[in-house]
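The block underneath contains the structure these notes are about, expressed in structure tokens.
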């Protein structure tokens, strides 16, 4: 850091002032770029979405949700249009349907098209459950839901884009430009095996 030294001759003092001004300008430019980057990214990817309301909970020690403790295993969860039943489907096509209680019917909200729940294989040392919206984020309509396979690849039959459920919902194969990751939702786990998805 340079400082003002009044004992220096005039030309040296001018050089010192010039260098100090240049350093200050560089610092200011750097801070401006950092702030511009932070503020100007409102269309960027956010890992957790608040675009669609989500509120759901289940016990991972009760079938079919006990499959969620297996890394690489994912389930789709949907509520019937009349909000009386919950349907859970695994990638093998096995479907489990159960009636919703009055409280569940009134409180559960499953995003735009339903939920995909599962334990990703990658970047998941603590084996935590992830939650994504079942609706395609590119088409962004309830009726365009994703189909996913046993390898954890989710694909939209309308737009043809694919996402990896095992890699934080990032696009795996795209046929369109501007494809964002899946809408992700925060998941919390309790010691009794209950997971809650809520934004």
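Quick look at the numbers
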| read-out | value |
| --- | --- |
| Residue count for the range 90-110, restricted to those that are under 23 Å from residue 151 (Cβ atoms) and crowded, with 19+ Cβ neighbours inside 10 Å | 1 |
| Strands (runs of 3 or more DSSP E) wholly inside the range 63-108 containing at least 1 residues that are within 22 Å of residue 189 (Cβ to Cβ) and over 25 Å from the mean Cα position of the chain (by Cα) | 95-99 |
| Long-range neighbours under 7 Å by Cβ, at least six apart or interchain, first residue without any contact (Cβ under 8 Å) to a residue 60 or more places away in the chain within the range 48-64, second in a loop (DSSP other than H, G, I, E, B) | 64/90 |
| Any chance residue 68 is under 19 Å from residue 148 (Cα atoms), touching a strand residue (DSSP E or B) at 6+ places or on another chain (Cβ under 9 Å) and buried (at least 18 other Cβ atoms within 10 Å of the Cβ) | yes |
| Count of the range 127-160 residues which are farther than 20 Å from residue 48 by Cα and buried (at least 19 other Cβ atoms within 10 Å of the Cβ) | 2 |
| Residue 182 vs. criteria over 24 Å from residue 86 (Cα atoms), surrounded by 14 or more Cβ atoms within 10 Å (Cβ to Cβ) and in contact with a helix residue (DSSP H, G or I) (Cβ under 9 Å, 6 or more places away or on another chain) | no |
| Selected residue (only one of 135, 131, 154 is at pLDDT 95 or above and touching a helix residue (DSSP H, G or I) at 6+ places or on another chain (Cβ under 7 Å)) | 154 |
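The values are calculated or read from the model by the stated rules, or taken from the named source; none is laboratory data. Quick caveat: nothing in here was measured; it's all calculated off a predicted structure. As a convention, Cβ positions derive from the backbone with ideal geometry for all residues, glycine included, and neighbour counts pool all protein chains shown.
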